[in-house]
1. Enumerate the amide H contacts of Glu478 below 5 Å, restricted to partners 5 or more residues apart or on another chain; note that Pro and chain-start residues carry no placed amide H.
2. Can you flag which of Lys227/Lys379; Lys252/Lys342; Lys152/Lys274; Lys417/Lys446; Lys398/Lys492 are past 27 Å Cα-Cα?
3. On the principal axes of its Cα set, how long, how wide and how thick is the chain? Give whole Å, largest value first.
4. Starting at the first residue of segment 472-477, write each ³J(HN,Hα) from the Karplus equation 6.51 cos²θ - 1.76 cosθ + 1.60 with θ = phi - 60°, in whole Hz, x for Gly and Pro.
5. If you wrap segment 29-98's Cα atoms in a convex hull and average its projection over all directions, what's the area in nm²?
6. In sequence order, what are the phi-derived ³J(HN,Hα) couplings for segment 420-433 according to the Karplus relation 6.51 cos²θ - 1.76 cosθ + 1.60 with θ = phi - 60°, rounded to whole Hz, with x for glycine and proline?
7. What shape does segment 381-422 have by the C-alpha gyration tensor, where a ≥ b ≥ c are the square roots of the eigenvalues, rounded means a/c under 1.5, and otherwise prolate means a/b greater than b/c and oblate the rest?
8. Which percent of the accessible area of the chain is formed by carbon and sulfur heavy atoms (probe 1.4 angstrom)?
Amino acid sequence: MRRLSLFAASLAALAISAAFLLRFSRAKPESLLIVNARIADGTGAPLSKGSVRVANGRIAAIGELKPEPGETTLDARGMVLAPGFIDLHNHSDDTLAKDLAAETQLSQGITTLVVGADGDSPWPLQSWMQTMEEHPAALNVGLFAGHATIRKLVMGDDFKRTATEAEIQRMQEKMREAMQQGALGLSSGLEYEVGSYASTDEVVALAKVAAEDGGFYMTHIRDEADKAFEALKEEIAIGERAHIPVEHSHIKLGTVGVQGKAAEYIKVIEEARKRGVDFLADCYPYDAWHSNLKVVVPDKQYKNAKSVGAALAAYGGGSHLLITDYAPNPSYEGRSIADLAKANNISEVEMYIQLIRGEDAAHSETEVIGQSMLESDIKAFYQQPWVMVVSDGGIGSKHPRGAGTFPRVLGLYAREKHWLTLPEAIRKMTSLPAQRLGWKDRGVLKQGAFADLVLFDPETVKDRSTFTDPEALSQGVEKVWVQGVLMWDSGKPTAARPGHVLGRRGVILSAAN
Ligand SMILES: [Zn+2]
């Protein structure tokens with residue numbers, strides 16, 4: 001059975017490589033010389049002036065370069081040229097295949113996005129990857145294996161308990177399969193329903209399998225609210241016990257009880273890093289999160305007035321919780337729990353319980369945006385050298401982070417607020433995620449690296465997406481190249497589709513097989 005599926009897999013791989021060669025020869029870019037740009041190489045080094053030659057999808061040369069006969073020259077005066085941005089936590093798992101042009105992503109300068117975050121991933125990984133190779137997108141993609149996805153495969157609907165030894169072994173087999181198919185590592189979402197019942201031991205067992213093959217562990221930890229410190233300690237323990245690099249997803253202190261404690265949180269992480277834990281984190285540039293309504297109540301007593309009352313208070317009251325998706329009554333969308341309670345003449349607690357009863361009856365999931373993080377905490381996190389930029393959004397996101405994250409950090413945090421220098425902000429979008437991924441020829445602007453590039457105006461780059469218009473395109477990103485192919489040109493996408501599926505060490509999976 002196993003041998004048969006391996007055989008089928010190699011046949012599929014052969015077919016994919018043939019398709020790759022065809023497409024590559026069609027899309028072979030000509031030599032391009034970009035002159036007069038201010039070059040940010042992605043390492044955080046100061047900007048330098050010079051020219052960059054792009055040929056055959058790679059950076060052929062950097063420095064004082066003269067155009068060769070017949071070579072296209074682009075004068076990039078006033079612009080910054082940087083490696084393309086890598087979004088390590090993107091939720092375009094289902095939406096990318098329907099929007100291969102990925103305008104909201106390219107307009108931010110993203111050239112690679114990674115899906116399968118928070119414990120949920122496509123399955124099997126290989127069929128998702130194959131779809132993306134047969135119908136390539138404008139940008140590159142990578143994929144995690146989701147802990148909750150694997151847990152549900154093994155436990156079915158009987159997941160509201162700890163797993164048995166035998167079940168954990170079966171999960172490890174699934175994890176091994178996913179790594180063979182090219183997973184970047186294991187993602188988890190221990191605050192969410194399926195993952196929340198897992199013991200630490202279960203997660204360690206799966207993380208060990210990912211570690212054996214050079215993967216890393218990326219986690220939405222068990223609690224980002226009142227128990228954020230306990231959850232952080234569990235995460236560090238998982239990293240130490242499984243000997244695996246850790247990526248802390250969307251670092252935050254999300255309730256009144258922990259707000260303002262960034263310095264203490266950072267201290268715990270610094271101590272772990274000193275002990276040798278390979279710990280990096282990421283952060284999106286907004287003081288509001290986007291999730292499902294049930295995560296608000298940590299003890300899962302969604303219809304218990306006392307639990308709900310305490311939970312709403314922890315977030316600063318129902319005015320901080322805005323409903324974005326409510327299938328039983330779409331007219332509730334865009335309104336806060338406080339507002340809905342008032343309109344229905346009931347308390348906020350009663351309103352919350354009514355929303356839950358409604359979603360349970362309709363078997364739907366209510367989505368909510370919660371405004372509960374302090375700007376001072378976000379600033380403290382962004383100023384750590386081990387914190388990178390991610391969107392935690394993606395195509396079709398109802399939170400503005402899906403379309404605005406990267407230009408927002410460049411425009412608001414670097415240019416306007418001076419929280420970061422421009423080269424440092426760029427490092428957090430390029431070489432730092434590449435370091436976590438173990439990719440040596442992306443995320444840096446150096447000779448021989450892939451020509452994933454973004455050219456932007458540092459004076460005007462800015463996000464335009466808002467909570468009421470979450471998909472508004474960003475401004476200031478002039479051009480984006482993926483493997484040397486121009487994908488974004490003066491505010492518009494081009495028609496080429498050079499995107500590949502990338503695996504560990506940055507291998508192009510179709511070409512490597
Ligand atoms: Zn998450």
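The values are calculated or read from the model by the stated rules, or taken from the named source; none is laboratory data. A quick note: this is a predicted structure, and the numbers were derived from the prediction, not measured. Cβ coordinates were reconstructed from backbone atoms using ideal geometry, including for glycine residues, and neighbour counts include every protein chain displayed. Remember, those area values only see protein heavy atoms, side chains included, never the ligands or the DNA or RNA. Shrake-Rupley method; radii C 1.70, N 1.55, O 1.52, S 1.80 Å.
1. Leu455, Phe456, Asp457
2. Details: Lys227/Lys379 21 Å; Lys252/Lys342 30 Å; Lys152/Lys274 36 Å; Lys417/Lys446 30 Å; Lys398/Lys492 22 Å.
As for pairs spanning more than 27 Å Cα to Cα, those are Lys252/Lys342; Lys152/Lys274; Lys417/Lys446.
3. 76, 58, 47
4. Using θ = phi - 60°, the values come out as 4, 6, 6, 10, x, 8 Hz.
5. Numbers: hull surface 26.7 nm².
Computing the convex hull of the Cα atoms and averaging its projections yields 6.7 nm².
6. Once rounded to whole Hz, the list reads 9, 6, 4, x, 6, 4, 5, 4, 5, 10, 10, 6, 5, x.
7. Working: a/c = 3.24, a/b = 1.67, b/c = 1.94.
Oblate, since a/c reaches 1.5 and b/c is not below a/b.
8. Details: 10560 of 20360 Å².
Within the chain, the accessible surface is 52 percent carbon and sulfur.
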